[in-house]
1. Out of the residues in the range 123-174 that are basic (K, R) and in contact (Cβ under 8 Å) with a residue 12 or more places away in the chain, state the one that is farthest from R86 (Cα to Cα).
2. Show the residue pairs meeting these rules: Cβ distance below 6 Å; 6+ apart or different chains; first residue within the range 68-92 and closer than 21 Å to A165 by Cα; second residue of a type in the set (D, E, K, R) and part of a helix (DSSP H, G or I).
3. Among the residues of the range 1-40 satisfying the criterion of being of a type in the set (S, T, N, Q) and loosely packed, with under 13 Cβ neighbours inside 10 Å, which is modelled with the highest pLDDT?
4. If I go through the range 41-50 residue by residue, how many of them are surrounded by fewer than 20 Cβ atoms within 10 Å (Cβ to Cβ) and either in contact with an Asp or Glu (Cβ under 7 Å, 6 or more places away or on another chain) or not hydroxyl-bearing (S, T, Y) (or both)?
5. Can you tell me which residue among A116, A181, A112, A138 is surrounded by 11 or more Cβ atoms within 10 Å (Cβ to Cβ) and either closer than 28 Å to E53 by Cα or charged (D, E, K, R) (or both)?
6. Quick test for you: out of A88, A136, A104, pick the one residue that is more than 14 Å from the chain's Cα centre (by Cα) and assigned to a helix (DSSP H, G or I).
7. If you go through the range 34-52 one residue at a time, do you hit one that is in contact (Cβ under 8 Å) with a residue 24 or more places away in the chain and closer than 26 Å to R132 by Cα?
Amino acid sequence: MARPARFTIDQFLDAAVRRAAAAGPAGVTMSAVASELAAPSGSVYHRFAGRTELLAQTWLRTVENFQESYLAVLQAADCDAARAARGAARHVVAWSRAHPEQTAVLLHGADAFDRAHWPAPHRRRAELGNQRVHSALAALADALDLHGPEAADRVSLALIDLPLALVRRHLRGGGVLPAHAEDLAEQGAAALLTGPLATPPAR
């Protein structure tokens with residue numbers, strides 16, 4: 001009877017996240033992850049076909065963890081659209097505060113995790129996750145009665161780009177998020193989603 005595996009895929013990915021947070025994506029190697037767990041190097045190859053597979057799985061599990069919680073806030077049945085939008089902007093910051101190592105992974109971006117060489121199933125998995133978020137944002141824009149060519153940009157800026165910029169500003173330099181960060185994210189989102197766009201000057 002075969003012995004059960006000593007380490008699970010999640011344990012290897014947890015170790016990869018810690019390595020990425022400490023040393024960047026370049027620090028996520030098969031041997032480094034094995035060393036992080038005091039596991040035989042060969043055990044990593046039993047779980048992942050190679051380093052590209054390890055990097056892809058590290059990114060995908062991390063971004064999906066964020067997306068699942070983000071969509072739960074964005075699509076909360078007990079919230080009206082405006083409240084859901086404010087909650088989603090706050091959630092980007094709150095999740096980042098609660099998961100600093102996973103946030104470090106996301107701030108590097110998928111390209112740093114060798115996205116160009118991911119197998120097709122992993123690329124499709126990433127695209128499906130992004131499509132779910134974009135569809136939810138589009139539904140929110142409709143619920144907020146935001147239409148026109150700028151609606152998608154306005155909602156993405158309010159609920160993704162602006163909160164992430166706030167997170168990046170503080171965490172990229174090794175700092176911590178200030179206590180007021182969630183409030184700033186919410187206030188910025190509210191201003192973007194309710195204020196009119198400036199009328200361009202006549203030419």
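1. Ranking the candidates gives R125 first.
2. As it stands, the answer is R86/E186; A89/E186; R90/E182; R90/E186, since those pairs meet every condition given.
3. S31
4. Total meeting the criteria: 5.
5. Being surrounded by 11 or more Cβ atoms within 10 Å (Cβ to Cβ) and either closer than 28 Å to E53 by Cα or charged (D, E, K, R) (or both) holds for just one of A116, A181, A112, A138, which is A112.
6. Only one candidate qualifies: A136.
7. yes
Residues are listed down the side, and each one gets a yes or a no for (1) in contact with a helix residue (DSSP H, G or I) (Cβ under 6 Å, 6 or more places away or on another chain); (2) at pLDDT 95 or above; (3) farther than 22 Å from A76 by Cα; (4) not hydrophobic (A, V, I, L, M, F, W, C):
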{"position": "D145", "(1), (2), (3), (4)": "no, no, no, yes"}
{"position": "G148", "(1), (2), (3), (4)": "no, no, yes, yes"}
{"position": "A158", "(1), (2), (3), (4)": "yes, yes, no, no"}
{"position": "L162", "(1), (2), (3), (4)": "yes, yes, no, no"}
{"position": "A165", "(1), (2), (3), (4)": "no, yes, yes, no"}
{"position": "R169", "(1), (2), (3), (4)": "no, no, yes, yes"}
{"position": "G173", "(1), (2), (3), (4)": "no, no, yes, yes"}
{"position": "V176", "(1), (2), (3), (4)": "no, no, yes, no"}
{"position": "A179", "(1), (2), (3), (4)": "no, yes, yes, no"}
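The values are calculated or read from the model by the stated rules, or taken from the named source; none is laboratory data. From a predicted model like this one, the values you see are computed outputs, not experimental measurements. With ideal geometry, Cβ positions are generated from the backbone for all residues, glycine too; neighbour counts draw on all protein chains shown.
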